[in-house]
1. Show me 141-150, 123-132, 47-56 ranked by packing, highest mean number of other Cβ atoms within 10 Å first.
2. Post the alpha-carbon centroid distance, the range 211-243 to the range 173-195, in whole angstrom.
3. Can you tell me the order of 213-223, 9-19 when each peptide is scored by its average per-residue count of other Cβ atoms within 10 angstrom, highest first?
4. I want to verify a result. In a Gaussian network model of the chain, Cα cutoff 10 Å, which of these has the top mean-square fluctuation: PRO45, PRO69, PRO104?
5. Below 13 angstrom from the Cβ of THR214, what's the summed charge of the other residues (Lys, Arg +1; Asp, Glu -1)?
6. Please say if the range 145-268 is rounded, prolate or oblate, where rounded means a/c under 1.5 for a ≥ b ≥ c the square roots of the C-alpha gyration tensor eigenvalues, and otherwise the choice is prolate for a/b larger than b/c and oblate otherwise?
7. Return the single residue from THR29, THR180, THR250 with maximal mean-square fluctuation; model: Gaussian network over the chain, springs between Cα atoms under 10 Å.
8. Under 10 Å, Cα contacts only: if you run a Gaussian network model on the chain, which one of ALA26, ALA92, ALA119 comes out with the highest mean-square fluctuation?
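Derivation of every value follows stated rules applied to the coordinates shown; laboratory data play no part. Predicted, not measured: the structure shown is a model, and the values here were computed from it. Cβ coordinates were reconstructed from backbone atoms using ideal geometry, including for glycine residues, and neighbour counts include every protein chain displayed.
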Amino acid sequence: MNWGALSRAERDAAYDNIAAVADSMALNTARAEASAAFRAAHAGPLDLRYGPRERNSWDLFPASDPSAPCFVFIHGGYWQRNSKDQFASLVAGPCAIGWSAALPGYTLAPDASLTEIAAEINAALDWLAANGPAHGIRGPVVLSGWSAGGHLTSLCLGHPLVHSGLAISGIFELGPLRDTVLNDKLRLTDQEIVALSPLRLPMVNKTLAITYGTAELPALVADSRNLHAARSAAHLPGTLIPVPGANHFTIVRELQDERGLLTRHLPALLG
C-alpha cells in the first residue's frame, strides 16, 4: 500500500472495520447481549474502583481456586468507543477451563489521551497486583485484549504483574492513524506515535501470542504479522495465530467457550 498516494477516504477505509464487515453492528449487539447475560449469571465483584475517573474500575470473576491463572481482557473500540461490560462474554472460555478473569475499564478519547489511557491500564494492573488476592485472584496473569485492547496488551506486557500476553487484532504502528478520521479524537502527537507504537519500542522478553483473522483488513493483518516478525527476529517467545476466515468481529468468538481456538491456546501461555 502506497499510503502517501491514498486519498483521505481511502486512508479512513483502511481502518474502518465496521464498514468492512457488513453485519458488524449485529455482531456487536450479540456480543453485548451475551455479555449482559454472563455478568448476570456469574457472581463476582463488579465495578471495583482502581482510580479516580468514571471508567476506572474492574469487573472480577474469580475462579474457585485462588491460585488459578487469571485472564485479563482489555476491550477495544479504537480507544474511543465501548466499555468493559460489553465484552464480559469473551471471558466465558477462560472461566470454563477453570481460570479467573478480570476486565478493566479505561477513559476514552478525547476525554483522555492515548498516553493517559496506557497509564490507566498500568494503574489498573497495579491495583490488581495489590488487591487481587483479597478477591480470590492470585495466580499468574495473562494479559489480553482485542483491537485497541490488543495494542494496549502489547504496550503493557512489561508490567511486573503480567506473565504473558495474547494480542488480538491489534494495531501496533500508530503513524498511519494520524492521517485518518480516528485521529479526530485521539489527537496523537509525534511523541506519542513514537512512544506508544509497539513496533517502534524495545521488545519485551515475555511470551506474546499474536492473533488476527484472515478476513481482516490488510492494515491490521500487516501489523500483527510485522510485530510477530520483529519479536521473532529478537528471538522472543510467542506464536502467530491466524484464525481462518475470521473477520475483526468474529475472531472474538474463539474465546466464548472452552472449544474456541484462542481458549485452547491459553494453557500454552503459562509455560
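1. Per-residue Cβ counts within 10 Å, averaged per peptide and sorted highest first, yield 141-150, 123-132, 47-56.
2. 21
3. Highest mean packing first, the order is 213-223, 9-19.
4. Looking only at PRO45, PRO69, PRO104, the biggest GNM fluctuation is shown by PRO45.
5. Neighbourhood net charge equals -1.
6. oblate
7. Per the Cα network of the chain with a 10 Å cutoff, THR29 tops the list.
8. Maximum fluctuation in the GNM of the chain, among the listed residues, is at ALA26.
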